[in-house]
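Worksheet for the structure shown next.
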Amino acid sequence: MRLAQLIVLGLVMGVAAGWWLQRDGKPSDGATVHSPAVVAADHAPAVPAEQAATAIAAPAPAATGDTPSGLLLPVQGIAPSQLQDTFTDARSEGRVHDAIDIMAAAGTPVLAVADGHVEKLFDSKRGGLTLYQFEPSGRWCYYYAHLQRYADGLAEKQTIKRGDVIGYVGSTGNANPEAPHLHFEVHALGPEKQWWKGESLNPYPLLKKGDGGD
């Protein structure tokens, strides 16, 4: 009778030990029991690689390449064949020209390259007598510098038409008096529409593909 009791007690202890091991996270079949947090992570939905890459760094928008068209050559009597591309020429203090210089005799009429209005008349140390023109949509700004003088009666906010005389070629500012010319720039305006701030575009190809006159 004593031997039988020992056998029963051994069986009970064996079952209890197996239950305890399983409760402690180490089942007898060798499988791993995960905590609730690990289980949640294992069952989280997978993110496609393309979507993950997009979330990390969205691609930059592509450039449109949009530029103004139909510009009139702004110096009376000058043909497109006479133009020289000076857009990337070096200037003092490490600057780049960002413009085209159109050589002409002092006093030659300067013409508006497009319809628009006079946004700003400004006398600067480098540019001398200058004029900033906005075209109607507000996307482009045209800058004329080193003017000898403005056209009579010209004023800020005045509407001007393509081909109107707005000034005369000169050498004001830091231009060489022995080489009068029109310094001409084209700017793509930002949303703030500031006459002194914009992305410089090379005027040379824009004027070369224009008709050069009325």
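The values are calculated or read from the model by the stated rules, or taken from the named source; none is laboratory data. Given the structure is predicted, the values throughout are model-derived calculations rather than measurements. FYI the Cβ positions are ideal-geometry reconstructions off the backbone, even for glycines, and counts take in every protein chain you see. Each accessible area value is taken on the protein alone, full model and side chains, heavy atoms only, with ligands, DNA and RNA left out. Shrake-Rupley method; radii C 1.70, N 1.55, O 1.52, S 1.80 Å.
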**Asked** Does Gly153 qualify as being farther than 22 Å from Pro80 by Cα, touching a Lys or Arg at 6+ places or on another chain (Cβ under 9 Å), in a loop (DSSP other than H, G, I, E, B) and without any contact (Cβ under 8 Å) to a residue 40 or more places away in the chain?
**Response** no
**Asked** When you look at His181, is it open to solvent by less than 60 Å² (accessible area, probe 1.4 Å) and over 22 Å from His117 (Cβ atoms), yes or no?
**Response** yes
**Prompt:** Out of all the residues in region 189-209, which are part of a helix (DSSP H, G or I) and closer than 18 Å to Ala112 by Cβ?
**Reply:** Pro203, Leu206, Leu207
**Message:** Exactly one of these conditions fails for Gly173: (1) surrounded by 13 or more Cβ atoms within 10 Å (Cβ to Cβ); (2) at negative phi; (3) touching a Leu at 6+ places or on another chain (Cβ under 8 Å). Give me its number.
**Reply:** (2)
**Request:** Using the structure shown, decide if Gln84 is modelled with pLDDT of 50 or more and in contact with a Pro (Cβ under 6 Å, 6 or more places away or on another chain).
**Result:** no
**Message:** For the condition buried (at least 16 other Cβ atoms within 10 Å of the Cβ), modelled with pLDDT of 95 or more and under 11 Å from Phe184 (Cβ atoms), what is the one hit in Tyr144, Tyr132?
**Reply:** Tyr144
**Prompt:** Name the pairs whose Cβ atoms lie under 9 Å apart, with the first residue in region 65-80 and in a strand (DSSP E or B), the second hydrophobic (A, V, I, L, M, F, W, C), and 6 or more positions between them or separate chains?
**Reply:** Val75/Ile102; Val75/Met103; Val75/Ala104; Val75/Val110; Val75/Leu111; Val75/Val169; Val75/Leu182; Val75/Phe184
**Message:** Please determine whether any residue of region 94-111 is open to solvent by less than 70 Å² (accessible area, probe 1.4 Å), touching a Phe, Trp or Tyr at 6+ places or on another chain (Cβ under 7 Å), small (Gly, Ala, Ser) and modelled with pLDDT of 90 or more.
**Reply:** yes
**Item:** Failed criterion for Gly163 (all others in (1) touching a strand residue (DSSP E or B) at 6+ places or on another chain (Cβ under 9 Å); (2) on the phi < 0 side of the Ramachandran plot hold)
**Value:** (2)
